[in-house]
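The values are calculated or read from the model by the stated rules, or taken from the named source; none is laboratory data. Values in this document were obtained by computation on a predicted structure and should not be read as measured data. Cβ coordinates were reconstructed from backbone atoms using ideal geometry, including for glycine residues, and neighbour counts include every protein chain displayed. With ligands, DNA and RNA removed, areas are computed over all heavy atoms of the protein, side chains included. Shrake-Rupley method; radii C 1.70, N 1.55, O 1.52, S 1.80 Å.
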Amino acid sequence: MKNFKLSLLICLTLTLTFSAFSQRRVGGKVVEVLDGKTAVVQMSNGGKLTVVLQYIEIPEPDQPLHSTVKDHLQNLIMDKYVDVNPIGIKDSQTIGQISMRGVDISQQMIRDGAAWHADLQKNGQNPGESANYENQQSLAKSEKRGVWSIENMMPAWEFRAAKEEARKAAERAEWERIKAESQAREQERVEALAKERERKLDVARNRNTSFGASGFDNFDTKMWTNIGSPGLTDANGLIINRFPQYNAEVIITSPEMLGLSNGKTKQEVECQFGYVTYRPENADAKEFFGFACKSESDSETFKKSNQLTITADGKKVSVVKAVQLGAQGDQRFNELIVYDVDRDFVVKIAQANKVQIKVGEFSGTMTEKLHTMTKSMILEIDK
């Protein structure tokens with residue numbers, strides 16, 4: 001690659017053909033060069049005029065030779081008296097021809113390889129003048145001066161277009177990256193929701209596991225006998241207990257006596273709703289809901305018939321399966337019946353306004369106190 005500064009070592013005696021200018025031209029001294037095609041001219045009337053050289057393009061700031069081109073223009077016109085022939089105004093700057101001793105500085109910049117002739121399709125230049133500019137450019141190109149000394153160097157307008165396309169491509173790539181990340185986050189969210197649904201299904205399956213068959217039997221039959229034993233009773237009447245021997249925690253309503261009747265005989269039955277979390281050894285935790293009834297009588301009152309039927313606001317829900325435990329006392333027969341229920345069953349009871357309970361052939365109304373404690377138990381579990 002030729003050294004541009006060497007290629008620009010031309011005689012500063014300007015030899016280009018004199019061009020006739022219109023009578024609009026004004027004169028003044030160049031007091032500043034802003035870049036390779038822009039100069040500030042101090043006019044004879046005291047004002048200053050910023051002039052952009054007509055019909056040329058110079059290397060962009062991030063292209064090679066940008067600063068060298070500015071230096072070259074300074075060498076040509078700085079502190080020199082010039083003529084200015086304006087052809088238009090853009091962005092508060094005057095576009096026009098700067099000439100010195102009859103030489104068009106735009107043509108000189110092109111001839112020295114310090115500029116390109118601007119895109120012919122856009123500059124609006126008259127054909128004769130355009131042909132002169134093109135001729136000067138052909139000479140500079142053949143001699144590999146300045147911008148033509150660098151192989152494959154893009155003209156400024158092509159460089160800007162390529163840079164803009166690269167910017168748009170980067171924006172598209174960034175958008176695709178953001179889109180991909182958003183899709184990945186959404187996929188993670190969907191997978192997390194799926195896992196959470198599966199977890200809840202597992203919990204539901206554990207809750208619906210037969211309390212009598214696979215839950216209660218894994219404890220000890222004495223557990224329900226002891227489940228209402230002294231524990232932490234809160235203000236809502238809930239007993240909160242821990243049973244290390246079963247690796248279980250219990251939330252249970254305080255015992256509430258219900259008067260049940262079969263139409264002939266009344267039977268006092270002590271009732272409780274309970275919730276148990278239980279972790280068998282080397283296994284996942286399980287959850288159970290239960291309803292327990294205790295009674296004392298001269299005989300086994302609920303041995304033949306112990307189906308539990310709950311009527312919540314006029315709608316019946318029956319629970320057939322039960323674990324019946326009984327023990328003969330000294331003079332009386334003690335019975336404990338445990339029913340395996342699910343969460344929805346208890347929630348329906350908690351949400352109802354009126355609840356009827358029927359155990360076997362004996363039925364009665366659920367007391368307001370037991371009803372309130374049942375609601376409190378659900379709220380406690382959901383904390």
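Can you find, within the range 324-336, the residue that is modelled with the highest pLDDT among those that are of a type outside the set (A, V, I, L, M) and open to solvent by 30 Å² or more (accessible area, probe 1.4 Å)? If you could, list the steps in order and put the result at the bottom.
First, pick out the residues of the range 324-336 that are of a type outside the set (A, V, I, L, M): 324, 326, 328-335.
Add one more test, that the residue is open to solvent by 30 Å² or more (accessible area, probe 1.4 Å), and what stays is 324, 326, 328, 330-332, 334.
Details: Q324: 71, G326: 71, Q328: 62, D330: 64, Q331: 68, R332: 78, N334: 83.
Filtering first and then ranking leaves N334.
How many residues are under 53 Å from the mean Cα position of the chain (by Cα), buried (at least 19 other Cβ atoms within 10 Å of the Cβ) and not hydroxyl-bearing (S, T, Y) if we restrict to the range 28-69?
Residues in the range 28-69 being under 53 Å from the mean Cα position of the chain (by Cα), buried (at least 19 other Cβ atoms within 10 Å of the Cβ) and not hydroxyl-bearing (S, T, Y): 14 in total.
For the range 103-196, list the helices (runs of 4 or more DSSP H) that sit wholly inside it and hold at least 3 residues that are over 20 Å from H72 (Cβ atoms); which are they?
Counting at least 3 such residues, we get 120-123, 127-142.
Of these, T233, T221, T225, T265, which one is out of contact with any Gly (no Cβ under 9 Å at 6 or more places or on another chain), hydroxyl-bearing (S, T, Y) and at pLDDT 80 or above?
Values: T233 fails: at pLDDT 80 or above; T221 fails: at pLDDT 80 or above; T225 fails: at pLDDT 80 or above.
Selected residue: T265, the only one of T233, T221, T225, T265 that is out of contact with any Gly (no Cβ under 9 Å at 6 or more places or on another chain), hydroxyl-bearing (S, T, Y) and at pLDDT 80 or above.
Those residues that are closer than 14 Å to Q267 by Cβ and either at pLDDT below 90 or not in a strand (DSSP E or B) (or both), I need them from the range 337-383; list them, please.
Matches in the range 337-383: I337, G360, E361.
Quick test of your reading of the structure: E181 fulfils all but one of (1) open to solvent by less than 90 Å² (accessible area, probe 1.4 Å); (2) touching a residue at least 24 places away in the same chain (Cβ under 8 Å); (3) not aliphatic (A, V, I, L, M). Name the failing condition by number.
Answer for E181: the failing condition is (2).
Hey, any hits in the range 293-313 for a residue that's modelled with pLDDT of 85 or more, touching a Pro at 6+ places or on another chain (Cβ under 9 Å) and assigned to a strand (DSSP E or B)?
yes
Quickly run through the range 74-100 and pick out the residues that are in contact with a helix residue (DSSP H, G or I) (Cβ under 7 Å, 6 or more places away or on another chain) and part of a helix (DSSP H, G or I). Even if it seems obvious, please write down each step before you answer.
So the first thing to find is which residues in the range 74-100 are in contact with a helix residue (DSSP H, G or I) (Cβ under 7 Å, 6 or more places away or on another chain), and the list is 76-77, 97-100.
Hits for the range 74-100 are L76, I77.
If a residue has to be surrounded by 11 or more Cβ atoms within 10 Å (Cβ to Cβ) and either among the small types (G, A, S) or farther than 27 Å from K375 by Cα (or both) to count, how many in the range 277-323 make the cut? Break it down stepwise before answering.
Restricting attention to the range 277-323, the residues satisfying the condition of being surrounded by 11 or more Cβ atoms within 10 Å (Cβ to Cβ) are 277-280, 285-297, 300-303, 305-313, 317, 319, 321-323.
The next check asks that each one be either among the small types (G, A, S) or farther than 27 Å from K375 by Cα (or both); those that pass are 280, 285, 290, 292, 295-297, 300-303, 305, 312, 322.
So the count comes out to 14.
So which residues in the range 229-268 are of a type in the set (A, V, I, L, M, F, W, C) and buried (at least 19 other Cβ atoms within 10 Å of the Cβ)? Full working, then the answer.
So in the range 229-268, the residues of a type in the set (A, V, I, L, M, F, W, C) come out as 232, 235, 238-240, 243, 248, 250-252, 257-258, 260.
Of everything in the range 229-268, those that are of a type in the set (A, V, I, L, M, F, W, C) and buried (at least 19 other Cβ atoms within 10 Å of the Cβ) turn out to be L238, I239, A248, V250, I251, I252, L258, L260.
Going by the conditions given, is D91 surrounded by fewer than 22 Cβ atoms within 10 Å (Cβ to Cβ) and either of a type in the set (F, W, Y) or in contact with a strand residue (DSSP E or B) (Cβ under 6 Å, 6 or more places away or on another chain) (or both)? Can you show your working first?
Working: surrounded by fewer than 22 Cβ atoms within 10 Å (Cβ to Cβ): yes; either of a type in the set (F, W, Y) or in contact with a strand residue (DSSP E or B) (Cβ under 6 Å, 6 or more places away or on another chain) (or both): no.
Against the criterion (surrounded by fewer than 22 Cβ atoms within 10 Å (Cβ to Cβ) and either of a type in the set (F, W, Y) or in contact with a strand residue (DSSP E or B) (Cβ under 6 Å, 6 or more places away or on another chain) (or both)), D91 does not qualify.
Please list, ordered by first then second residue, the pairs with beta carbon atoms under 8 Å, 6 or more apart or interchain, first in the range 128-152 and closer than 9 Å to I110 by Cα and free of Cβ contacts under 8 Å to residues at least 60 places away in the same chain, second open to solvent by less than 60 Å² (accessible area, probe 1.4 Å) and of a type in the set (G, A, S).
A140/G113; A140/G146
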